[in-house]
Amino acid sequence: METQFSDAWNKMMGKLQSWLDALILNIPNLIIATLVFTVTLILSRYISRLALRLMDRSSLQESMKNLISKVVAIITVLLGLFMVLGILNLGKALNTILAGAGVVGLAVGLALQGALANTYSGIVLAYIKHLKFGDWIETNGFEGEVVDLDLRSVTLKQPDNNLVYIPNKLVVENPIKNYSTTAQSRVILECGVAYDSDLKAVRDLVVTTISKAFQAVADKEDVIFLYKEFGDSSINFETRFWIDSTSALEVAKAKTKAMITIKAAFDQNNINIPFPIRTLDLPKELTNMLPTKTKK
């Protein structure tokens, strides 16, 4: 029993000694591999920045430039990793890694279907010219300015300064309303006036008021005024005009300004914006049955 234990101990110590000898012999390779990998990490950052500078001269949008620079940095790191494996004489391990990459890739692809879908959608969105940083868009029930576009999500900055992160897949699969594709936005304002109002005078007053209040409206013909319906207690109209802005917040501000100026003009010209009212038409028989005070 003691002999077997002694033999096992000697074998273990011999194995450890051989490992130690191999480690000492490979210390120069370990140092070189560490230096190579460190230099590769630093170099990947500079190469990424250089790629961005070179692409600044191109017509690619900002999100596409960032995507390409990240891909270049990843490729640089992978090349450095292959060099490290070669320095450490791990060529067989490298072949094994490459052989198993297909199987691992299939398993990872099945497990990360959502993440891969967002990544692919992010590449698609980065290539679309009609969606870029600074655009004011509306999608998936959210509205705001595009402040970031990466491989995972689109980041919107809402009017209340909150950030909304929408997965790229949802943005690609659902409609996008981009307010920034043109240099102007249309303001639509609805209102109503009393039935005894002079409709032509109301129309002329609203058009004149809007054209004077907004510099972007160069001519009265740029203001569209339309009567829509005979409402329950008012004749309702709609007025439309353009402003030099693509922001939904600026549209809301312009609508507020238009409401203030139109209300002031109506007050000066004794034009009434009626409250919702109900008129009761009682039969004469019922009216005669009411007390005298009630009739008055």
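The values are calculated or read from the model by the stated rules, or taken from the named source; none is laboratory data. Keep in mind that what you see is a predicted model, and the values were worked out from it rather than measured. Reconstructed Cβ throughout: ideal geometry from the backbone, glycine too, with neighbour counts over all protein chains shown. The protein model used for the area step is the full one, side chains on, heavy atoms only, and it has no ligands, DNA or RNA in it. Shrake-Rupley method; radii C 1.70, N 1.55, O 1.52, S 1.80 Å.
When 108, 103, 171 are screened for being at pLDDT 70 or above and of a type in the set (A, V, I, L, M, F, W, C), only 171 passes. Every condition in (1) outside any strand (DSSP E or B); (2) within 30 Å of residue 273 (Cβ to Cβ) is met by residue 134 except one, and the failing one is (2). Going residue by residue through region 157-164, is there one that turns out to be open to solvent by less than 30 Å² (accessible area, probe 1.4 Å) and out of contact with any His (no Cβ under 9 Å at 6 or more places or on another chain)? The answer is yes; a qualifying residue exists. Among the residues that make up region 178-191, is at least one of them modelled with pLDDT of 90 or more and open to solvent by less than 70 Å² (accessible area, probe 1.4 Å)? Yes. The sole residue among 207, 154, 171 that is in contact (Cβ under 8 Å) with a residue 24 or more places away in the chain and under 30 Å from residue 264 (Cα atoms) is 207.
Would a scan of region 236-250 turn up a residue that is over 25 Å from residue 136 (Cα atoms) and among the β-branched types (Val, Ile, Thr)? Scanning region 236-250 turns up no residue that is over 25 Å from residue 136 (Cα atoms) and among the β-branched types (Val, Ile, Thr). Could you tell me whether region 250-262 includes any residue that is of a type in the set (Val, Ile, Thr), open to solvent by 70 Å² or more (accessible area, probe 1.4 Å), at pLDDT 90 or above and assigned to a helix (DSSP H, G or I)? There is at least one residue in region 250-262 that is of a type in the set (Val, Ile, Thr), open to solvent by 70 Å² or more (accessible area, probe 1.4 Å), at pLDDT 90 or above and assigned to a helix (DSSP H, G or I). Residue check: is residue 140 over 30 Å from residue 240 (Cα atoms), touching a helix residue (DSSP H, G or I) at 6+ places or on another chain (Cβ under 7 Å) and among the polar types (S, T, N, Q)? Taking the combined requirement at face value, the residue does not satisfy it. Checking the structure you have, find out if any residue of region 80-98 is modelled with pLDDT of 80 or more, open to solvent by less than 60 Å² (accessible area, probe 1.4 Å) and at negative phi. Checking region 80-98: at least one residue is modelled with pLDDT of 80 or more, open to solvent by less than 60 Å² (accessible area, probe 1.4 Å) and at negative phi. Tell me, yes or no, whether region 216-230 has at least one residue that is part of a loop (DSSP other than H, G, I, E, B), open to solvent by less than 20 Å² (accessible area, probe 1.4 Å) and modelled with pLDDT under 85. Yes: region 216-230 contains one or more residues that are part of a loop (DSSP other than H, G, I, E, B), open to solvent by less than 20 Å² (accessible area, probe 1.4 Å) and modelled with pLDDT under 85.
Being surrounded by 11 or more Cβ atoms within 10 Å (Cβ to Cβ) and at pLDDT below 80 is a condition met by no residue of region 72-79. The combined condition, being at pLDDT 90 or above, closer than 24 Å to residue 252 by Cα, open to solvent by 20 Å² or more (accessible area, probe 1.4 Å) and of a type outside the set (A, V, I, L, M, F, W, C), is fulfilled by residue 204.
The set of residues from region 150-193 being in a loop (DSSP other than H, G, I, E, B), among the aliphatic types (A, V, I, L, M) and closer than 22 Å to residue 257 by Cα comprises just one member, 183. Within region 264-271, one or more residues are open to solvent by 60 Å² or more (accessible area, probe 1.4 Å), assigned to a helix (DSSP H, G or I) and either at pLDDT below 90 or not aliphatic (A, V, I, L, M) (or both).
A single member of 135, 150 is crowded, with 16+ Cβ neighbours inside 10 Å and in contact with a Gly (Cβ under 8 Å, 6 or more places away or on another chain), and it is 150.
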